[in-house]
1. Looking at Leu71, Leu62, which is the one that is open to solvent by less than 40 Å² (accessible area, probe 1.4 Å), at pLDDT below 85 and over 20 Å from Leu15 (Cα atoms)?
2. Within segment 130-160, how many residues are part of a helix (DSSP H, G or I), over 21 Å from Ser110 (Cβ atoms) and of a type in the set (Ser, Thr, Tyr)?
3. If you check Val99 against the conditions, is it open to solvent by 30 Å² or more (accessible area, probe 1.4 Å) and either under 20 Å from Ala29 (Cβ atoms) or hydroxyl-bearing (Ser, Thr, Tyr) (or both)?
4. Scanning segment 78-89 for residues that are in contact with a helix residue (DSSP H, G or I) (Cβ under 6 Å, 6 or more places away or on another chain) and surrounded by fewer than 22 Cβ atoms within 10 Å (Cβ to Cβ), which turns out farthest from Val157 (Cα to Cα)?
5. What are the pairs with Cβ atoms under 6 angstrom where one residue, in segment 102-116, is closer than 16 Å to Leu133 by Cβ and the other, located anywhere, is open to solvent by less than 80 Å² (accessible area, probe 1.4 Å) and polar (S, T, N, Q)? Sequence gap at least six, or different chains.
Amino acid sequence: MIRRRLAATVRVASLAVVALFFAAATFAAIVMPYRLWDSLAFGSWSRSIADGNGLWSNADALSLQRPLFYLEQGLAWRVLGDGEWIGRLLSLSFAAILVLGVWLFARQLSADGDARALLSPLAALVAVASSVLATYAAAGMTDVPVAAMVAVTGAAVWGRRLGYGRVA
């Protein structure tokens, strides 16, 4: 009885904190002006794609070594407009994938139902409590998409019900 009550309390508290985190991050992503912390300064390749050039036009050797986040950002700017907030919301969507991936991964590592009910919300809570994620969730940094894909990959590899889906 006490375990269930504790798990329910942790679940509700972590959901509230995660929701508050993403509400504040979404607000910051939409209204914050460009600053030095924002990696949109590295988005010259993205801006070239958004301007209607080819995917590889104006891409120097340094750009080609960057993660494909800049390609996605350029395509998003081409389709949705060139507002900086669009690039920040794209980055924030990867932060949401990271938190979901951590939650799923913790769920996969839990042995029984009681542990799963407590460990998954705690893992999500720890993820959003990280100062690095809070700082760079909407900054367009390539670290957040890479961490998100690693977390989702970990959850997929440890998943039992995915079958051949683990290969991806």
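1. When all the criteria are applied, what remains is Leu71.
2. Total meeting the criteria: 3.
3. Taking the combined requirement at face value, the residue does not satisfy it.
4. Start the filter on segment 78-89 by keeping residues that are in contact with a helix residue (DSSP H, G or I) (Cβ under 6 Å, 6 or more places away or on another chain), which leaves 78, 80, 82, 84-89.
From what's left, surrounded by fewer than 22 Cβ atoms within 10 Å (Cβ to Cβ): 78, 80, 82, 84-86, 89.
Values: Arg78: 34, Leu80: 34, Asp82: 37, Glu84: 35, Trp85: 33, Ile86: 31, Leu89: 28 Å.
Step by step, filter segment 78-89, then rank; the result is Asp82.
5. Hits for this filter: Trp103/Ser120; Ala106/Ser120.
The values are calculated or read from the model by the stated rules, or taken from the named source; none is laboratory data. All of these numbers come straight from a predicted model, not from anything done at the bench. Reconstructed Cβ throughout: ideal geometry from the backbone, glycine too, with neighbour counts over all protein chains shown. Ligands, DNA and RNA are excluded from the accessible area calculation, which covers all protein heavy atoms including side chains. Shrake-Rupley method; radii C 1.70, N 1.55, O 1.52, S 1.80 Å.
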